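Could you have a look at this structure, given as structure tokens, before my questions?
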Amino acid sequence: MNEENNKTVNENKIEGRNAVLEAFRSGKPVDKLFVLDGCQDGPVRTIIREARKHDTIIQFVDKERLHQISETGRHQGVIAYAASYEYAEVEDIMNLAREKGEDPFVFILDGIEDPHNLGAIIRTANLAGAHGVIIPKRRAVGLTATVAKTSAGALNYTPVAKVTNLVKTMEELKKEGLWFVCADMGGEKMYDLNLKGPIGLVIGNEGEGVSRLVKESCDYVASIPMHGDIDSLNASVAAGVLAYEIVRQRMQ
């Protein structure tokens, strides 16, 4: 996906009722909305209605929390976080694979919360030849300015789709021939698995790993051999190690 199709959106924190409402109505991708808890006047209700229409995460918070977040001091009870880049659709990712005449290779990220990790993983996905990245709408970081910077330009070329339900999305992709491997310490050694063909690589949350339902939807669980004194790799490093085993096997 080129820069024209994945264009930068004016960034990032939007404060005040008119500005937030305009962001929704102009079609800006808004990841999260903070609203003063208990505020029920007409303009705020309109903003909440727009947020629900766009499936934006809404958090009701107290006045002190809003003051902490605010940079202008003029939030009027609402602060929104817009994405730094527009999100793609899952079908855009599949179309990119078709256009290249390649077996689809997709990263599925189950709850990555650190923007530096997400940016690094998107960068790895691009360099490994993946056709796109899929992230969940809830309990995960979106395409913030830090993610964009850490990706080192990869966001201009690697589409990122945001979905409501990872398991449902994985089931739909299975119908298109993909199978899924997740990284987990309890799995088979990655070198013993056949990782060729249409594939989705699933990477879990930094602390908790892959969630139970997502892991149950995977066809294989792969472990990365480790011989040191600590028990796990950083999520973005694990993504890179496993991605390049997939690359190695795809090149054979």
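The values are calculated or read from the model by the stated rules, or taken from the named source; none is laboratory data. Please read these numbers as outputs of a predicted model, since none were measured by experiment. Cβ placement follows ideal geometry from the backbone for every residue including glycine, while neighbour counts extend to all protein chains displayed. Calculation scope for accessible area: heavy atoms of the full protein, side chains included, ligands and nucleic acids excluded. Shrake-Rupley method; radii C 1.70, N 1.55, O 1.52, S 1.80 Å.
List the GluC sites (Glu not before Pro) in the range 41-71 that DSSP assigns to loop (not H, G, I, E or B) and whose Cβ has at most 11 other Cβ atoms within 10 Å. Which are they? Show your work: numbers first, answer last.
Details: sites: Glu50, Glu64, Glu71; in loops: Glu71.
Qualifying residues, ordered by number: Glu71.
Also, I was wondering about something else. Tell me, what is the 1.4 Å probe accessible area of Met94, in Å² to the nearest 10?
That residue has around 10 Å² of solvent-accessible surface.
Given an 8 Å cut-off on Cα distances and at least 6 residues of separation, report the relative contact order of the range 171-252 as a percent.
Values: 109 pairs, mean separation 32.2, N = 82.
Relative contact order for the range 171-252 comes out at 39 percent.
Rounded to the nearest 5, what % of the DSSP beta bridges within the chain are antiparallel ones? Don't jump to the answer; show the numbers that get you there.
Numbers: 10 of 38 bridges.
Percentage antiparallel, nearest 5: 25.
Within 10 Å of each candidate Cβ there may be at most 14 other Cβ atoms; applying that plus a DSSP loop requirement, which trypsin sites (Lys or Arg not before Pro) in the range 45-81 survive? Don't skip to the end; give the middle numbers.
Values: sites: Arg45, Arg49, Arg52, Lys53, Lys63, Arg65, Arg74; in loops: Arg74.
Answer by residue number: Arg74.
Let me ask you something else. By per-residue mean of other Cβ atoms within 10 Å, what is the highest-first order of 76-89, 236-249?
Ranking, from highest mean packing down: 76-89, 236-249.
Can you find, among Gln76, Gly101, Asn117, the residue sitting farthest towards the positive end of the charge dipole of the range 1-142, where Lys and Arg contribute +1 and Asp and Glu -1 at Cβ?
Of the candidates, Gln76 comes out farthest on the positive side.
Would you check the accessible area of Thr146, probe 1.4 Å, heavy atoms only, in square angstrom rounded to 10?
Around 50 Å² of this residue is reachable by solvent.
In nm, to one decimal, how far is the Gln59 label point from the Lys100 one, both placed 7 Å along Cα→Cβ?
3.5 nm
Okay, moving on. Can you find, among Ala88, Leu213, Ile224, the residue farthest towards the positive end of the dipole of the chain? Put +1 on the C-beta of Lys and Arg, -1 on that of Asp and Glu.
Going by the charge dipole, the pick is Ala88.
Rounded, prolate or oblate, given the Cα gyration tensor of the range 78-163, with a/c below 1.5 counting as rounded? The partial results should precede the final answer.
Values: a/c = 1.90, a/b = 1.60, b/c = 1.19.
Prolate shape, in that a/c is at least 1.5 and a/b is the bigger ratio.
Percent of accessible area on the chain owned by carbon and sulfur, 1.4 Å probe?
Values: 5860 of 12690 Å².
That fraction is 46 percent.
Can you work out ³J(HN,Hα) from phi for every residue in the range 179-192, in order, using Karplus 6.51 cos²θ - 1.76 cosθ + 1.60 and θ = phi - 60°, giving whole Hz and x for Gly and Pro?
My calculation for the range 179-192 gives 10, 10, 10, 10, 8, 7, 4, x, x, 6, 4, 4, 6, 8 Hz in order.
I would also like to ask the following. If you put +1 on each Lys and Arg Cβ and -1 on each Asp and Glu Cβ, how big is the dipole of the chain around its Cα centre, in Debye rounded to 20? Please list the in-between numbers first.
Working: 30 positive and 36 negative charges, 126 e Å.
Using only the charged Cβ atoms, the result is roughly 600 debye.
A further question follows. Applying the Karplus parametrisation 6.51 cos²θ - 1.76 cosθ + 1.60 with θ = phi - 60° to the phi angles of the range 136-144, what ³J(HN,Hα) value in whole Hz is obtained for each residue in order, glycine and proline being reported as x?
x, 6, 10, 6, 7, 6, x, 7, 7
Measure out, as a whole number of angstrom, how far apart the alpha-carbon centroids of the range 13-68 and the range 72-99 sit.
The two parts, judged by their Cα centres, are 15 Å apart.
Among Thr56, Ala238, Gly197, which residue has its Cα furthest toward the positive end of the charge dipole of the chain, with +1 on Lys/Arg Cβ and -1 on Asp/Glu Cβ?
Thr56
Report the accessible area of Leu213, computed with a 1.4 Å probe over the heavy atoms of all protein chains in place, in Å² rounded to the nearest 10.
Accessible area of Leu213: about 100 Å².
Pull out a ≥ b ≥ c, the square roots of the eigenvalues of the alpha-carbon gyration tensor of the range 28-137, then state rounded if a/c is under 1.5, prolate if not and a/b is larger than b/c, and oblate in the remaining case.
Details: a/c = 3.55, a/b = 2.25, b/c = 1.58.
Prolate.
Please arrange Glu22, Glu208 by accessible surface area, largest first, computed with a 1.4 Å probe and ligands excluded.
Details: Glu22 110, Glu208 165 Å².
Correct descending sequence by accessible area is Glu208, Glu22.
Work out the length of the dipole vector of the range 130-175 about its Cα centre, built from +1 on the beta-carbon of each Lys and Arg and -1 on the beta-carbon of each Asp and Glu, and round it to the nearest 20 debye.
Numbers: 8 positive and 2 negative charges, 37 e Å.
Roughly 180 debye for the range 130-175.
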